[in-house]
Every structure is written in C-alpha cells, then in structure tokens.
Amino acid sequence: MHPLRKNRPLRRIVLASAATVSGLVMLLSLKPHTPATIVAAPAPAPAASGGSGAAGGSTGTGTVTGESVQTRWGPVQVRITVAGGRITEVTAVAYPTDNPRDQEINSYALPALRREALTAQSADIDTVSGATYTSDGYRRSLQSALDQARG
C-alpha cells in the first residue's frame, strides 16, 4: 500500500488545520489601502495665503504654503514662515492619518523633518527611516514653498 494512502485521519486534520491557520495569518497581516485623509491646519490670513509670494523675496517676512504632494499613502503639504531671509517655522498642514500606523510614523517623522529643515535652511534634508514616502513628499512640498518664497 502507498504511504500516503494509509489511514491516518489525525495527520490530515493537523495538516489541514495548520494550513488554515497559516492562510489566516497571512491574510490578516495585509495592510488594506484606504483613501487618504487630509489633516489641515487653520487657514492662514488672506495676506499670507498659500504661495502667492507672501514672503516678499529672499529677505522678506511672510508665510508660504508649498504644493500638496501626493505620496503612496496620501498627500503631504508644508507651510513655512520666512523672516529676514531665514526659515523660522515649518509646519506640516497635510499628511496621511488613515490608520494607527500612519499616525505612529508621522508622530516621530514630522518633528524630525521639521528640525532638519530648520537646521538646513533648505529642502536638502535627510530621509527619516521608516517614513520614506512622507519624507519625500515633505521635501518636495518644502522645496515648492521655498521656491515661492524666493520668487
């Protein structure tokens, strides 16, 4: 008699159960993709609206909002305040917050990116480990705001 044809129902039950549990674990470990939610800060005063050159050149003072950059997990957008030709404040006005993982990543990534931008005084900032997409979107939106402030 062939070895697989032996009457061993317990072995079949154990194998079927193990396969079912493995399949469920793999299925539950998938991260569902849901549409991004935009978190927006309060609207700026009309004189400082998003990027109309409110910073008044490289030595002016004002607030400029960069372009919204669509990333894999949702849009990222930053607003900068420029005084005396220097970046004095950087605020993320839109970033992914769809799920607890997005919130966890952004809770450490956004402050780190802000510190980098204020230190570098440019968009030439390091990527935060574990937040590659957010870092890229932040950098691109920051560069957009800087370009508008200089223009």
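The HN-Hα couplings worked out from phi for the stretch 111-127 by the Karplus form 6.51 cos²θ - 1.76 cosθ + 1.60 (θ = phi - 60°) are x, 5, 5, 4, 4, 4, 5, 5, 6, 6, 6, 7, 8, 7, 10, 6, 7 Hz, whole numbers, x standing for Gly and Pro.
Between rounded, prolate and oblate, where does the stretch 61-104 land on the alpha carbon gyration tensor, with a ≥ b ≥ c its root eigenvalues, rounded for a/c under 1.5, else prolate if a/b exceeds b/c? Each step should come with its number before you reach the end.
Numbers: a/c = 4.41, a/b = 2.43, b/c = 1.81.
Prolate, because a/c is 1.5 or more and a/b exceeds b/c.
The stretch between ALA83 and ILE13, if pulled fully straight at 0.36 nm per residue, gains 18.0 nm over its current Cα-Cα span. Measuring r between the beta carbons of ASN99 and SER22 and using R0 = 25 Å, the FRET efficiency lands at 0.55.
FYI, it's all coordinate maths here, none of it is from the lab. Everything quoted here is computed from the prediction, not taken from an experiment. Ideal geometry is used to build each Cβ from the backbone, glycine not excepted, and the neighbour counts take in all protein chains shown.
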